[in-house]
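Below is one structure, written out as structure tokens; comments come after it.
The values are calculated or read from the model by the stated rules, or taken from the named source; none is laboratory data. Owing to the predicted nature of the structure, the values given are computational and were not obtained by experimental measurement. No Cβ is skipped: glycine too gets one built from the backbone with ideal geometry, and neighbour counts run over all protein chains shown.
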Amino acid sequence: MGIKVNGKIIVEKYRNEIKSIINEGVSNGYRVPSIKTILVGEDGGSLSYVRSQNNLCNKLGISYDCISLDKDTNQKDIIDIIEKFNEDNSVDGIIIQLPLPKNLNEKEITSKISYNKDIDGLTDVNMGRFYKGEKSYIPCTALGVIEMIKNTGCVIKGKHAVVIGRSNIVGKPAAQLLLNEDATVTICHSKTLNLKGICKTADIIVAAIGKPGFVTSDFIKEGAIVIDVGTTMINGKISGDVNFCDVIGHASYVTPVPGGTGLMTTTMLIKNACSAWRDNVY
């Protein structure tokens, strides 16, 4: 029987570190960090993410504002808001909640964020620096994935890791971070042949495909670590990509949904925001 990874325990360490950084800055006369997030429409996963961002910022003493826009808001109006925040020196981090409605050009909108306020790591500048191994803001979910694997005590070096999903905000950066840790990485996706067979060879599986309950026990090598990044809203509840009850009997560690990578994602986002704040005000 595998171990359920307790995200609440893991994030507490990081949140205490963030709180200490903020307290030190404020005691030295600096203002508190400030984050602006833009939510377009009512995507269930995004609404949940915004709530968790707001709750965590309140706990840590960070100024947080969510600008909620109708799903029919035009592209220019969104870009105008971003550019206003870019020019506002009191704003440290800007977040665009993804996915955006299909009528909007996601790449163009995210590219308008100033790279030094891009705490989600979505701009071309941050992505380019990341893949070149330079200092950058890295997509928060991918950062959270690596931290959760490390917190199991697993030595990533030399392991075979399979990432199911190839998105720019999870799959690709998670694969790169695993490469940075000297894992041998396979990226799988909807067109992959023999997906189950490939997964059965993995020491580490990162499921980020957006299909609830997709990964079952017949994907799992005995003793593998399984990280579930899925956040699909079904009947008002968030569901992961992994059938937890089925997989837990074969894996060594499995992250739950909720209570797993979602907590880490929010925490890494705020960690990035604190880095942006220190660069901005110190």
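Would you please name the residue that is farthest from THR186 (Cα to Cα), looking only at residues in the range 223-237 that are buried (at least 20 other Cβ atoms within 10 Å of the Cβ) and either of a type in the set (Val, Ile, Thr) or touching a Lys or Arg at 6+ places or on another chain (Cβ under 6 Å) (or both)?
Taking the range 223-237 and keeping what is buried (at least 20 other Cβ atoms within 10 Å of the Cβ), we get 224-231.
With the extra rule that they be either of a type in the set (Val, Ile, Thr) or touching a Lys or Arg at 6+ places or on another chain (Cβ under 6 Å) (or both), the set shrinks to 225-227, 229, 231.
Working: ILE225: 15, VAL226: 15, ILE227: 15, VAL229: 17, THR231: 22 Å.
Filtering the range 223-237 for residues that are buried (at least 20 other Cβ atoms within 10 Å of the Cβ) and either of a type in the set (Val, Ile, Thr) or touching a Lys or Arg at 6+ places or on another chain (Cβ under 6 Å) (or both), the one farthest from THR186 (Cα to Cα) comes out as THR231.
Restricting to the range 152-169, count the residues that are at pLDDT below 95 and in contact with a helix residue (DSSP H, G or I) (Cβ under 8 Å, 6 or more places away or on another chain).
2
Mind checking which pairs have a first residue in the range 85-100 that is at negative phi and a second that is among the aromatic types (Phe, Trp, Tyr) and modelled with pLDDT under 95, Cβ under 9 Å, 6 or more apart or different chains?
GLN97/TYR49
Show me the strands (runs of 3 or more DSSP E) found entirely inside the range 150-263 where at least 3 residues are within 25 Å of GLU106 (Cβ to Cβ).
Details: elements: 160-164, 184-188, 204-207, 225-228, 232-234, 237-239.
Of the strands (runs of 3 or more DSSP E) lying wholly inside the range 150-263, those with at least 3 residues that are within 25 Å of GLU106 (Cβ to Cβ) span 232-234.
Filter the range 115-151 down to the residues that are more than 23 Å from THR37 (Cβ to Cβ) and surrounded by fewer than 16 Cβ atoms within 10 Å (Cβ to Cβ) and list them by number.
First pass over the range 115-151, keeping only residues more than 23 Å from THR37 (Cβ to Cβ): 128, 131-135, 146, 148-151.
Within the range 115-151, GLY128, TYR131, LYS132, GLY133, GLU134, LYS135, LYS150 meet the criteria.
Here is a yes/no grid of residues against (1) over 12 Å from the mean Cα position of the chain (by Cα); (2) on the phi > 0 side of the Ramachandran plot; (3) surrounded by fewer than 22 Cβ atoms within 10 Å (Cβ to Cβ); (4) in contact (Cβ under 8 Å) with a residue 60 or more places away in the chain:
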| position | (1), (2), (3), (4) |
| --- | --- |
| SER239 | yes, no, yes, no |
| VAL242 | yes, no, no, no |
| ILE248 | yes, no, yes, yes |
| THR255 | yes, no, no, yes |
| ASP279 | yes, no, yes, yes |
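Every residue in the range 20-58 that is in a strand (DSSP E or B) and without any contact (Cβ under 8 Å) to a residue 60 or more places away in the chain, please.
As a first pass, look at the range 20-58 and keep what is in a strand (DSSP E or B): 34-40.
Within the range 20-58, LYS36, ILE38, LEU39 qualify.
Tell me which of these ASN103 doesn't satisfy, since it passes every other one: (1) touching a residue at least 40 places away in the same chain (Cβ under 8 Å); (2) surrounded by fewer than 16 Cβ atoms within 10 Å (Cβ to Cβ); (3) closer than 26 Å to THR232 by Cβ.
(1)
Given the options ILE204, ILE220, name the one that is aliphatic (A, V, I, L, M), crowded, with 17+ Cβ neighbours inside 10 Å and either under 30 Å from GLY128 (Cβ atoms) or touching a residue at least 60 places away in the same chain (Cβ under 8 Å) (or both).
Values: ILE220 fails: either under 30 Å from GLY128 (Cβ atoms) or touching a residue at least 60 places away in the same chain (Cβ under 8 Å) (or both).
None of the other options fit; the residue is ILE204.
Filtering the range 40-66 down to residues that are of a type in the set (Val, Ile, Thr) and closer than 15 Å to LEU98 by Cβ, which residue is surrounded by the fewest Cβ atoms within 10 Å (Cβ to Cβ)?
Among those residues, the one meeting the criterion is VAL50.
Results for (1) touching an Asp or Glu at 6+ places or on another chain (Cβ under 7 Å); (2) closer than 23 Å to GLU147 by Cα, shown as yes or no for each residue.
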position: ARG166; (1), (2): no, yes
position: LEU178; (1), (2): no, yes
position: THR184; (1), (2): no, yes
position: LYS191; (1), (2): no, no
position: ASP203; (1), (2): no, yes
position: VAL215; (1), (2): yes, yes
position: GLU222; (1), (2): no, yes
position: GLY230; (1), (2): yes, yes
position: ASN235; (1), (2): no, no
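How many residues are assigned to a helix (DSSP H, G or I) and closer than 30 Å to CYS245 by Cα when one looks only at the range 1-19? Walk me through how you get there before you give the answer.
Here is the first cut: in the range 1-19, the ones assigned to a helix (DSSP H, G or I) are 7-19.
Narrowing further to those that are closer than 30 Å to CYS245 by Cα: 7-15.
Count: 9.
Going through the range 110-147 one residue at a time, which ones are touching a strand residue (DSSP E or B) at 6+ places or on another chain (Cβ under 6 Å), hydrophobic (A, V, I, L, M, F, W, C) and without any contact (Cβ under 8 Å) to a residue 40 or more places away in the chain?
The answer is ILE113, and nothing else.
Which residues, taken from the range 64-99, are closer than 30 Å to SER27 by Cα, among the small types (Gly, Ala, Ser) and more than 20 Å from the chain's Cα centre (by Cα)?
SER90
Which one of the conditions (1) modelled with pLDDT under 95; (2) not in a loop (DSSP other than H, G, I, E, B) does CYS66 fail to meet, given that it meets all the rest?
(1) is the only condition that CYS66 fails.
Please specify each residue of the range 70-97 satisfying the condition of being outside any helix (DSSP H, G or I) and closer than 26 Å to ARG278 by Cα.
First pass over the range 70-97, keeping only residues outside any helix (DSSP H, G or I): 70-74, 88-97.
Correct list: ASP88, ASN89, SER90, VAL91, ASP92, GLY93, ILE94, ILE95, ILE96, GLN97.
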